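Q: Got a structure for you, written out below as structure tokens; questions coming shortly.
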Amino acid sequence: MTKKRKYVPRDPDDASLGSEPYREWTKEELASVKAYAKEHHAKRTPEQIISNALMGTKYQMLEYLEDETITEKTMLSIEHFIDLFLEATNLTLKKFATAIDTTDANLKKYLNGQRTFNVDLALKFANFFHTKPDLWLRVQLKNDLLQLNSDKNMMRQYKVYDYKPVVRLVREEKALYKKKKQSKPDKKH
């Protein structure tokens, strides 16, 4: 029978975890924890190992999305995350492509940016790897925004698409039309 501990209320301003103050672990304690983890790891089923690896990759994606220090030079592509998921499941790109009703050549075009990543693929990836579709779309959106912000030539190229000249032209056309209409004499029969 285990001995019950007496409840001692904690100081509400104390944010530490546990009942004892922080201390470094001894080498023996650390070795004991490592041995326990190794033993526990050996008892996991192949499904548990895959599930844990998939979850780890999912958390890497979430961390990537929240990391505000990422630049165009350090961004990670959808392909990078697919590679991690495929490594975790021990699948080839060809097997994965077949499983989601496409070819590896076609899928590669989406992954390397030759074709635009879309909702259909996000749904397939999400269902296959047990994630949410918006996770894939948010990674792609983050990468698109990083590229947009770093590509000054693209920004200059699109400066021609501005409402002001069009509105000015329409006003000028209306004024010209009005002027012509006013200068014509009325023809009444």
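Read-outs: derived from the displayed coordinates by stated rules, not from any lab. If you're wondering where the values come from, they're calculated on a predicted model, not measured in any experiment. Cβ sites come from the backbone with ideal geometry, for glycine too, and all protein chains shown count toward neighbours.
Q: How would you order 83-95, 58-70 from highest to lowest mean count of nearby Cβ atoms within 10 Å? Show your work: numbers first, answer last.
A: Numbers: 83-95: 14.8, 58-70: 12.5.
The densest-packed peptide leads the list: 83-95, 58-70.
Q: Provide the per-residue ³J(HN,Hα) series for segment 131-137, in order, calculated from phi with Karplus coefficients 6.51, -1.76, 1.60 and θ = phi - 60°, each as a whole number of Hz, with x at glycine and proline positions.
A: Each residue of segment 131-137 in turn: 10, 9, x, 5, 4, 5, 5 Hz.
Q: Moving to a separate point now. Stretch LYS108-THR69 to full length: gain in nm at 0.36 nm per residue minus the Cα-Cα span? Write out the running numbers ahead of the final one.
A: Values: separation 39, 0.36 × 39 = 14.04 nm, distance 2.77 nm.
In short, 11.3 nm is gained.
Q: Any idea which of LEU65, TRP25, ALA53 is furthest toward the positive side of the dipole for the chain, if Lys and Arg beta-carbons carry +1 and Asp and Glu beta-carbons -1?
A: LEU65
Q: Under the rule of -39500 (n - 2.57) per DSSP H run of 4 or more residues, summed and divided by the residues of the chain, what mean residue ellipticity at 222 nm is obtained, to the nearest 500 deg cm²/dmol? Write down the numbers at each step before the final one.
A: Details: 9 runs with 120 residues, N = 189.
Helix-only estimate at 222 nm: -20000 deg cm²/dmol.
Q: May I pose another question? Taking the Cα centre as origin and putting +1 on Lys and Arg beta-carbons and -1 on Asp and Glu beta-carbons, what dipole magnitude results for segment 99-142, to the nearest 20 debye?
A: Numbers: 7 positive and 4 negative charges, 38 e Å.
That gives a dipole near 180 debye.
Q: Dipole size in debye (nearest 20) for the chain around its Cα centre, Lys and Arg Cβ +1, Asp and Glu Cβ -1? Mind showing how you got there, number by number?
A: Numbers: 36 positive and 27 negative charges, 358 e Å.
Value, rounded to 20: 1720 debye.
Q: Let me ask another. Most exposed first by the Cβ proxy, i.e. fewest other Cβ within 10 Å, how do LEU141, LEU146 rank?
A: Values: LEU141 13, LEU146 16.
Taking fewest neighbouring Cβ atoms as first place, the list is LEU141, LEU146.
Q: Still on this structure, I have one more. For an R0 of 22 angstrom, estimate the FRET efficiency from the Cβ-Cβ distance between SER77 and LYS38 and round to the nearest 0.05. Before the final figure, lay out the partial values.
A: Numbers: r = 34 Å, r/R0 = 1.55.
E between SER77 and LYS38, to the nearest 0.05, is 0.05.
Q: Which value, in debye to the nearest 20, gives the size of the charge dipole of segment 47-152 about its Cα centre, when Lys and Arg are +1 and Asp and Glu are -1 at the Cβ? Kindly include the intermediate steps, with their values, before the conclusion.
A: Working: 12 positive and 15 negative charges, 65 e Å.
Magnitude of the dipole: close to 320 debye.
Q: Follow-up. By how many nm would the segment from GLN147 to GLU173 lengthen if fully extended, with 0.36 nm per residue of separation less the alpha-carbon distance?
A: Working: separation 26, 0.36 × 26 = 9.36 nm, distance 3.90 nm.
Extra length from GLN147 to GLU173 when fully extended: 5.5 nm.
Q: Let a ≥ b ≥ c be the square roots of the eigenvalues of the Cα gyration tensor of segment 114-164; is it rounded (a/c under 1.5), or, if not, prolate (a/b larger than b/c) or oblate?
A: Values: a/c = 3.39, a/b = 2.77, b/c = 1.22.
Prolate, because a/c is 1.5 or more and a/b exceeds b/c.
Q: From the Cα gyration tensor of segment 47-152, with a ≥ b ≥ c the square roots of its eigenvalues, which class applies: rounded if a/c is under 1.5, or else prolate if a/b is larger than b/c, or else oblate? Could the numbers behind the result be given before it?
A: Values: a/c = 2.02, a/b = 1.30, b/c = 1.55.
Oblate, since a/c reaches 1.5 and b/c is not below a/b.
Q: Between ASP134 and MET155, what is the spin-label point distance in nm, taking each point 7 Å from the Cα along the Cα→C-beta axis?
A: Once both label points are built, they end up 2.9 nm from each other.
Q: Further question on the same structure: Estimate the FRET efficiency between ASN127 and LYS94 by the formula 1/(1 + (r/R0)^6), using the beta-carbon distance for r and 22 Å for R0, to the nearest 0.05. Show your work: numbers first, answer last.
A: Numbers: r = 19 Å, r/R0 = 0.86.
For ASN127 and LYS94, the calculated efficiency is 0.70.
Q: Now a separate question. Hey, fewest Cβ within 10 Å first, where do ARG171, ARG23 land in order? Display every interim value, and only then the final one.
A: Values: ARG171 10, ARG23 7.
By the 10 Å Cβ count, ascending, the order reads ARG23, ARG171.
Q: Okay, moving on. Got the relative contact order for segment 47-152 handy, in percent, Cα pairs under 8 Å and 6 or more residues apart?
A: Working: 75 pairs, mean separation 33.9, N = 106.
It rounds to 32 percent for segment 47-152.
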